[in-house]
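The values are calculated or read from the model by the stated rules, or taken from the named source; none is laboratory data. Quantities reported herein were computed from a predicted structural model and do not represent experimental measurements. Virtual Cβ from ideal backbone geometry, glycine too; neighbours counted across all protein chains shown. These accessible areas exclude ligands, DNA and RNA; they are computed on the full protein's heavy atoms, side chains included. Shrake-Rupley method; radii C 1.70, N 1.55, O 1.52, S 1.80 Å.
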Number of protein chains: 4
Amino acid sequence: MESLIPSDPDYESRVHASAVQQQVLTALGARLTLVRPGEVHLEAPYDARLTQQDGFLHAGIVTALIDSACGYAAYSLMPSGSRVLSVEFKVNLLSPARGDRFRAEGRVIKPGRTLTVCEGKLFSIEKGKQTLCAIMQATMICIKE
Amino acid sequence: MESLIPSDPDYESRVHASAVQQQVLTALGARLTLVRPGEVHLEAPYDARLTQQDGFLHAGIVTALIDSACGYAAYSLMPSGSRVLSVEFKVNLLSPARGDRFRAEGRVIKPGRTLTVCEGKLFSIEKGKQTLCAIMQATMICIKE
Amino acid sequence: MESLIPSDPDYESRVHASAVQQQVLTALGARLTLVRPGEVHLEAPYDARLTQQDGFLHAGIVTALIDSACGYAAYSLMPSGSRVLSVEFKVNLLSPARGDRFRAEGRVIKPGRTLTVCEGKLFSIEKGKQTLCAIMQATMICIKE
Amino acid sequence: MESLIPSDPDYESRVHASAVQQQVLTALGARLTLVRPGEVHLEAPYDARLTQQDGFLHAGIVTALIDSACGYAAYSLMPSGSRVLSVEFKVNLLSPARGDRFRAEGRVIKPGRTLTVCEGKLFSIEKGKQTLCAIMQATMICIKE
């Protein structure tokens, strides 16, 4: 593994400050539960309003959670004063996203000055049992102001 | 192009009936605007509660709209009594998803008994001008009850 | 569609000059058959040495052809003195890649100063009948020397 | 992790027998170096005939190696008498594929009766130092004869 050393010592507060501005996280009831250099987790409860026709969390909502975790994982390694945007991602849905709550994990696989490649996972948690529901492979871009 | 002939003459009402059960469409304010064999469009308004840190519609919400359009495009060709699930998708984000409203378009590229491959697009519409914001390549699966 | 105007009037000879240096095209028997701003086609014969266990062209070889077409489609719009590299791509395999020969088509969907997003297709051609075998969604990057 | 128990006790010889029939592996100089339930590695030397314009292994050849590793990882868990085909894959290219030789690793993330989801990696090996060059997320399908 590449060593993942943040260029900005204040990466953690910068990630939290950005998450506060991300309205969709409030709509999803999501909150950051881990912020490390190159790795961010967030959790959200099951919400019946965000489901598809079978009562599972909709694939787009699953994506929103993993994409946010991956975006912040990338952002944790970006310099102060930069912004992060998703370039693209690919998601495989492995198991129905049902359960009490969900944990999205984003990890940087390859940091870069412009592009950062991440892997993400979504776990459902039901009565303490966790199941891998989806995996993501994503590219993030650093925008310098 | 393959000819896209629905096996179920009632495909249109079947698609609408499924969309009604998809809670997330209500949460996103989305409604079906076109249902044809192998092609489905849906529209949703801009909603500041569903945005990322820059005020653009979040990539996961963009994905939710395109994935639903693709899923229903595939479902329009599936037999009566079947269900549709997303296997996987890949999204490229081309332009910031800002605007008054959004139109997601899903089209079947290759129908199949088990797997159906679709292409999707999201357009933003701002003061009548439309911009391609995102494209999707997706695989859907037909589940027989 | 965005208008696709090449910044380099000599884009065509630049694309051809790069293709000559791409050794794998010789190994695949591939040659450029169309070079337009934002669109490049190439063709290659069936080659039993490049097949998977069922005698179809291997998915990696299919990818090599489409990726090259997409890369050159992007490169046709890049400035003189730049290089192109593939950032990522996603391929759906729709039909077995069998036939007499194959045509890969690459098209720019969204050009950009740094990143260019392309769509690609591979058709098999057998006794004059053409079949869509695979589709690609790809991101290319422009490297300035 | 799911436990990955092969349904066919002869999975190893079945994988090797299929690889022998895959002509492209010979063309790439590739050979299987590890076959375990749900995990297959293969190695190939650098070959200047398979490079892109900068002398790196072409992205399609990189894909051929990883896709084969993933396909056989999936196939190791499939029943006797079945075949495996790639449905789709997505590749991120992380570092130029240069070096003395390459090792592709394929792992099953989620096995299934019909669809199996895999992750793959390609490492370059140069003077004993190995570098992660590319990652894949792939869907394989089991075809029953």
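The table below gives the values:
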read-out: Total accessible surface hidden between B and A, rounded to 100 Å², 1.4 Å probe; value: 2600 Å²
read-out: Test item: C:23-30 mean partner chain Cβ contacts at 10 Å; value: 5
read-out: Nearest-ten-degree value, helix B:11-21 long axis tilted from longest Cα axis of chain B; value: 50 degrees
read-out: Heavy-atom accessible surface of the stretch A:85-145: percent carbon and sulfur, 1.4 Å; value: 48 percent
read-out: Within 10 Å of each Cβ in A:51-57, the average number of Cβ atoms from other chains; value: 6
read-out: For the stretch D:82-120 and the stretch B:1-63, distance of Cα centres in Å; value: 31 Å
read-out: Eligible lysines near D:Lys90 by straight Cα distance, threshold 23 Å, same-chain separation 8 or greater; value: A:Lys90, A:Lys110, A:Lys121, B:Lys90, B:Lys110, B:Lys121, C:Lys90, C:Lys110, C:Lys121, D:Lys110, D:Lys121
read-out: Å² of accessible area per residue within the protein assembly as shown, as computed with a 1.4 Å probe and no ligands counted; value: 39 Å²
read-out: Rounded accessible area of D:Arg107 (nearest 10 Å², 1.4 Å probe); value: 80 Å²
read-out: Over chain C: helical MRE at 222 nm, DSSP H runs n ≥ 4 each giving -39500 (n - 2.57), nearest 500; value: -7000 deg cm²/dmol
read-out: Highest to lowest packing among C:37-44, B:22-29, scored as the average C-beta count within 10 Å; value: C:37-44, B:22-29
read-out: Solitary cysteines of chain D, where the nearest other Cys Cβ is not under 4.7 Å; value: D:Cys133, D:Cys142
read-out: Using alpha-carbon coordinates, inclination of helix B:59-75 to the longest axis of chain B, degrees; value: 20 degrees
read-out: Within straight-line cross-link reach of C:Lys127, aspartates and glutamates at Cα separation under 12 Å, skipping those fewer than 8 residues along the same chain; value: C:Asp100
read-out: For residues of B:128-141, the mean tally of beta carbons on other chains within 10 Å; value: 3
